[in-house]
């Protein structure tokens, strides 16, 4: 089957159960041997990888103009489909996958593989291959790097360089390769266009892009348990060609369009304590930075002074700051305001360190596992022993507990008002 518009052509090959994409204008086949699939776990805890080639009764149908759906059924009963739309506003395609459990029992859906294929450069290109890697929050780097390189491997004690879910599944991670969170772009030094790949939304899962040499995979992490007859639909993703200089701006525009955002206010410019001092902050350091920000305001027009993590112990938000900030957080906020800046503060209100007073005094306030033990809600280090020794194990407050609700309300009131 072939569908084509003025910018792009998609060819599906039922015998090979794969498809290719190419730009209609010029020598630019940019994706070939593309497939889709799923990683799932059965009721016995065994993980399985299945691709479209493993499905029976695979059908391809044109749902509407420029939209096709490839679907099939696994011998265990579950069904998988991929919807592909040729966009009319850009040289690209939109993808969305759906998984339905018809096995007669529950199973766990781990990942949906939206697309996996080979990035094919134009035949006349002799340029070097580069990839934009988007990091995981603030813990890992973002930027252009050679396509033959790989993402940083987590350090021995701290797993903060990459989203842990990116490393967990054989179906997803092309090891060693590049892991890019939410979006990426691929480009050649002698070609004017970039191939941008990314999520259009983040409603149900978490989209990631994996690149090894010129092999590309796009997944949507699910991590959900499905009863019989339940269905799970991935977030929408997009692949498109655009000029190098404006490709990421165009991607942001498409994401805003998907979210129906008419106007995005400009972000506030500010200074954040974390990216210079980390958790090692105190009243003296913040006042020194405040004075410097005031002196440099004409050159660096900051609006916000944000006190990030380290100002107190996680969980003991109302009193554990006294040693570091003897004049009080309210006094400091007023001082920042007097100097013409907007004071800001970082919080994680539903999370507490194991060493916090609130954790020790109110064990009934916390989320527990089936054995009645409090659950560690975030993996910070590779070693449980290191977590225990540092007191950095983080536990989650139970938001349904009446006392927790009262505590959260009072804590937020004090932080905002006092």
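Read-outs: derived from the displayed coordinates by stated rules, not from any lab. Quantities reported herein were computed from a predicted structural model and do not represent experimental measurements. Cβ: placed from backbone, ideal geometry, glycine included. Neighbour counts: every protein chain shown.
Could you list 116, 50, 88 in order of exposure, starting from the residue whose Cβ has the fewest other Cβ atoms within 10 Å? Each step should come with its number before you reach the end.
Numbers: 116 22, 50 19, 88 11.
Ordered from fewest to most neighbouring Cβ atoms within 10 Å, 116, 50, 88 come out as 88, 50, 116.
Rounded to whole Å and sorted largest first, list the principal axis extents of the Cα atoms in region 264-418.
Per principal axis, max minus min of the Cα coordinates gives 58, 39, 34 Å.
Treat each spin label as a single point 7 Å out from the Cα along the C-beta direction, and report the residue 346 to residue 47 distance in nm.
According to this spin-label approximation, the distance is 3.0 nm.
Taking the mean number of other Cβ atoms within 10 Å as a proxy for protection, how do you rank 330-336, 197-203 from highest to lowest?
197-203, 330-336
Could you work out the helix-only [θ] at 222 nm for the chain, with each DSSP H run of four or more residues adding -39,500 (n - 2.57) and the total divided by the number of residues, to the nearest 500 deg cm²/dmol? Show your work: numbers first, answer last.
Values: 8 runs with 72 residues, N = 418.
My calculation for the chain gives -5000 deg cm²/dmol from helical runs alone.
Given the Cα atoms of the chain, and with Rh set as the inverse mean 1/r over their pairs in the Kirkwood sense, what is Rg to Rh to two decimals?
Details: Rg = 25.0 Å, Rh = 24.5 Å.
Radius of gyration relative to Kirkwood radius: 1.02.
Please report the relative contact order for the chain, taking Cα pairs under 8 Å with a sequence separation of at least 6, and give it as a percent rounded to a whole number.
Details: 864 pairs, mean separation 47.0, N = 418.
Reported as a whole number, the value is 11 percent.
What FRET efficiency, computed as 1/(1 + (r/R0)^6) with R0 = 51 Å and r the Cβ-Cβ distance, is obtained for residue 334 and residue 15, rounded to the nearest 0.05?
Once the sixth-power term is evaluated, E becomes 0.10.
For a quick check: sort 361, 220, 352, 272 by the number of other beta carbons within 10 angstrom, fewest at the front.
Numbers: 361 8, 220 24, 352 27, 272 16.
By the 10 Å Cβ count, ascending: 361, 272, 220, 352.
Points 7 angstrom from Cα along the Cβ direction at residue 62 and residue 98: gap in nanometres?
Roughly 2.0 nm, to one decimal.
Roughly how compact is region 186-293, stated as its Cα Rg over 2.2 N^0.38 Å to two decimals? Can you show the working numbers first?
Numbers: Rg = 20.5 Å, N = 108, 2.2 N^0.38 = 13.0 Å.
After normalising by residue count via 2.2 N^0.38 Å, the value is 1.57.
Can you compute the radius of gyration and Dmax for region 14-133, using only the Cα atoms, both in Å?
16.7, 53
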